[in-house]
Structures are given as structure tokens and as C-alpha cells.
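Written out below as C-alpha cells is the structure these notes cover.
The values are calculated or read from the model by the stated rules, or taken from the named source; none is laboratory data. Remember, predicted model here, so these are calculated numbers, not experimental data. Neighbour counts run over all protein chains shown; Cβ positions are idealised from the backbone, glycine included.
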Amino acid sequence: MLSCADSRVPPELVFDEGLGDLFVVRSAGESADLLAVGSLEYAIEHLGTVVIVVMGHQSCGAVKAACSGGKAASPNLEAVVAPIATSCTKVDKNKPDTFDLAARDHVHSVAHELLTKSVILKKAADEGKLTIIEAYYSLDTGEVTKLR
Ligand SMILES: [Zn+2]
């Protein structure tokens, strides 16, 4: 799992899994920096992982921060919002519900980046040993929707 750090979307609870069931990498906005990609590579190389789920969610604070246009308060916070910025073209600031379009688009971007940033993940996917699933969690319904 690569998912947002938001306390409302813990993958173990969302998917009703227990200790030892999921290898989870989380960051605000589920973006994949070197550490996240390296952690996923570890799961593929050493744990026998064959599926990565990249999961975004409704009302993501990282997406809202990125798409609201304000300046990040630190370089570290900038590192959270910068990877989301390209998905903000999906947002109509006059329609608050369109932030979720950016959240969904960002999931797709991250899933794509996993393959462009990692030779190990790309090779596993090309050989049919890895499937990357793009998913979106609705806070309203508790449902996870497979986007791709
Ligand atoms: Zn979030």
C-alpha cells in the first residue's frame, strides 16, 4: 500500500487487515519520494509483493493545500504539495467538490511515477510480476473505488 498519512484512511482498517498482512508506506498526499519508492522496491524484492495499491481519498488535506495556491510554510511542506501541483488543473476553485478530481488525478500520477522512478518496479510490472492498482477512498461511504 502507498496511501495518504491522513488518520481517517488507515489501510489496515479500511481493508480489515491485521498485523503482518499489509506492507504500508504512507505520506501526506501519498506521493512517492525516494524513500517511499525504495520502501516499495524492498517489498517487491524481498517480501514477494505482487500488488501495489496507490490510494488517495476524498477531502485530502494535502491536495487542498496544493491546489489552494498558498505558499508552503517550509521546504518540507513544499515537498508535500509540489508533487500534487500538476493535478490541480482539474480543480475549479469555485466548486469545492472538484478538489477530489485532483485527488484522483494525483493517484494516477503517482502510480505512473512508480514505474518511471524505479527500474525494479518497472521490470516487475513488465514481467507480469507486479500489478499497480489505483484506488480512491470515500470518507462519506467508506468504499474504495478502483480507478484503474
Ligand atoms: Zn490525504
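Pairs under 7 Å by beta carbon, first residue on the phi < 0 side of the Ramachandran plot and touching a residue at least 60 places away in the same chain (Cβ under 8 Å) in segment 37-65, partner more than 16 Å from the ligand (Cβ to nearest atom) and among the hydroxyl-bearing types (Ser, Thr, Tyr), six or more apart or different chains?
Final answer for the pair search is Val37/Ser118; Glu41/Ser118; Val50/Thr131; Val51/Thr131.
Taking interchain pairs and intrachain pairs at least six residues apart, which have beta carbon atoms under 6 angstrom, with the first residue in segment 1-19 and touching a residue at least 40 places away in the same chain (Cβ under 8 Å) and the second among the hydrophobic types (A, V, I, L, M, F, W, C) and more than 16 Å from the ligand (Cβ to nearest atom)?
Met1/Leu22; Pro11/Leu22
Leu19: outside any loop (DSSP other than H, G, I, E, B), more than 14 Å from the ligand (Cβ to nearest atom) and of a type in the set (A, V, I, L, M, F, W, C), yes or no? Walk me through how you get there before you give the answer.
Values: outside any loop (DSSP other than H, G, I, E, B): no; more than 14 Å from the ligand (Cβ to nearest atom): yes; of a type in the set (A, V, I, L, M, F, W, C): yes.
Criteria not met by Leu19.
Part of a helix (DSSP H, G or I), closer than 19 Å to Arg26 by Cα and not charged (D, E, K, R) - does that describe any residue in segment 124-146? Before the answer, list the steps.
Filtering segment 124-146 down to residues part of a helix (DSSP H, G or I) leaves 124-126.
Cutting the leftovers down to closer than 19 Å to Arg26 by Cα gives us none.
Among the residues of segment 124-146, not one is part of a helix (DSSP H, G or I), closer than 19 Å to Arg26 by Cα and not charged (D, E, K, R), which makes the answer no.
What is the residue count in segment 1-16 for residues that are among the small types (Gly, Ala, Ser) and part of a strand (DSSP E or B)? Before you say what the answer is, go through the steps one by one.
Step one: of segment 1-16, the residues among the small types (Gly, Ala, Ser) are 3, 5, 7.
Those left that are additionally part of a strand (DSSP E or B): 3.
Residues flagged as among the small types (Gly, Ala, Ser) and part of a strand (DSSP E or B) within segment 1-16 amount to 1.
Inside segment 26-38, can you point out the residues that are under 9 Å from the mean Cα position of the chain (by Cα) and among the aliphatic types (A, V, I, L, M)?
So in segment 26-38, the residues under 9 Å from the mean Cα position of the chain (by Cα) come out as 26-32.
Correct list: Ala28, Ala32.
Take Ala102 and tell me if it is within 16 Å of Leu2 (Cβ to Cβ) and modelled with pLDDT of 95 or more. Give the derivation first.
Numbers: within 16 Å of Leu2 (Cβ to Cβ): no; modelled with pLDDT of 95 or more: yes.
In short, no.
Could you please let me know if Leu114 is buried (at least 20 other Cβ atoms within 10 Å of the Cβ) and touching a residue at least 24 places away in the same chain (Cβ under 8 Å)?
Numbers: buried (at least 20 other Cβ atoms within 10 Å of the Cβ): yes; touching a residue at least 24 places away in the same chain (Cβ under 8 Å): yes.
Yes.
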